[in-house]
Amino acid sequence: MKIKGRQISDDNYPLIIAEIGINHQGDVNIAKHMIKEAFKAGAECIKHQTHFVEDEMTSAAKNIVPPNAEVSIWEVIEKCALSMDAEIELKSHTESLGMIYISTPFSRKAANFLAEIDVPAFKIGSGEADNLPLIKHIAEIGKPVILSTGMQTIENIADSVSILEQYNI
């Protein structure tokens, strides 16, 4: 697999990806600082999360409070989601350092947005690794995909892998 010209294979040294996710708590300046620190530590790639909360959750999520939070999952993600402009700024900042910017889309709208801003690859989180409609939508875009499987079994991801293979991803 190649991501933005970087060959990823058994014959190459590992691609070091720094997870930014939503750890910036919705503050693009904190995210930029994290990226700069990842760059200094030797990471080649930044992995973000792209959230459009109204497209990835139903309103029922407004009443679901995770065990490690005091507010609903809707509020957590809404607070941490960056605007489209801030995400573009973050991608630009990453690339200005010579790093690769990829992201995990949590909805079709997020995947389409990432395709529009020309991310070179997508990351699918383990929690979405069996979200077949989303995986199919992402595969149809035709960019490389990193599929996390941490929360899945081999049986659970078989259909996801089949979709990616169908699209030569």
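The values are calculated or read from the model by the stated rules, or taken from the named source; none is laboratory data. Small disclaimer: the values here were computed from a predicted structure and weren't measured. All Cβ positions, even for glycine, are placed from backbone atoms using ideal geometry, and neighbour counts span all protein chains on display. We work out accessible area using only protein heavy atoms, side chains counted, and drop any ligands, DNA or RNA first. Shrake-Rupley method; radii C 1.70, N 1.55, O 1.52, S 1.80 Å.
Summary table below
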quantity: Positive-end extreme of charge dipole, the range 1-144 - chosen from Ile135, Val76, Leu97 (charges on Cβ); calculated: Leu97
quantity: Carbon + sulfur, % of accessible area of the chain - ligands and nucleic acids excluded, 1.4 Å; calculated: 50
quantity: Percentage relative contact order, the range 36-82, counting C-alpha pairs under 8 Å, at least six apart; calculated: 35
quantity: Burial order of peptide ranges 34-45, 103-114 (average beta-carbon count within 10 Å, highest first); calculated: 103-114, 34-45
quantity: The range 16-169: mean projected area of Cα convex hull, nm²; calculated: 9.3
quantity: Chain lengthening between Ala41 and Thr153 when straightened (0.36 nm per residue, less Cα-Cα); calculated: 37.0 nm
quantity: Among 15-25, 150-160, the order from most to least packed when residues are scored by Cβ within 10 Å on average; calculated: 15-25, 150-160
quantity: Whole-number accessible area per residue in Å² for the range 7-52, which is evaluated in the context of all protein chains at 1.4 Å; calculated: 55
quantity: For the range 46-169, size of Cβ-based charge dipole, Lys and Arg +1, Asp and Glu -1, in debye; calculated: 140
quantity: Extension gain (nm, one decimal) between Ile8 and Lys136, 0.36 nm per residue minus Cα-Cα; calculated: 43.8 nm
quantity: Kirkwood Rh and Cα Rg combined as Rg over Rh, evaluated for the range 57-115; calculated: 1.08
quantity: Residue of Lys123, Lys32, Lys62 that the Gaussian network model of the chain assigns the largest fluctuation, springs spanning Cα pairs under 10 Å; calculated: Lys62
quantity: Percent RCO, i.e. relative contact order, over the chain, from Cα pairs under 8 Å lying at least 6 residues apart; calculated: 20
quantity: Lys/Arg +1, Asp/Glu -1 at C-beta; the range 19-169 dipole; positive extreme among Asn23, Ser126, Met57; calculated: Asn23
quantity: Residue of Asp11, Asp85, Asp130 that the Gaussian network model of the chain assigns the largest fluctuation, springs spanning Cα pairs under 10 Å; calculated: Asp11
quantity: Area of Tyr167 that stays accessible when all protein chains are in place (1.4 Å probe, Å², to 10); calculated: 70
quantity: Mean ellipticity per residue at 222 nm, deg cm²/dmol - from DSSP H runs of n ≥ 4 across the chain, formula -39500 (n - 2.57); calculated: -12000 deg cm²/dmol
quantity: Computed FRET value (nearest 0.05) for Asn168 with Ser96, which takes r as the C-beta separation and R₀ as 45 Å; calculated: 0.90
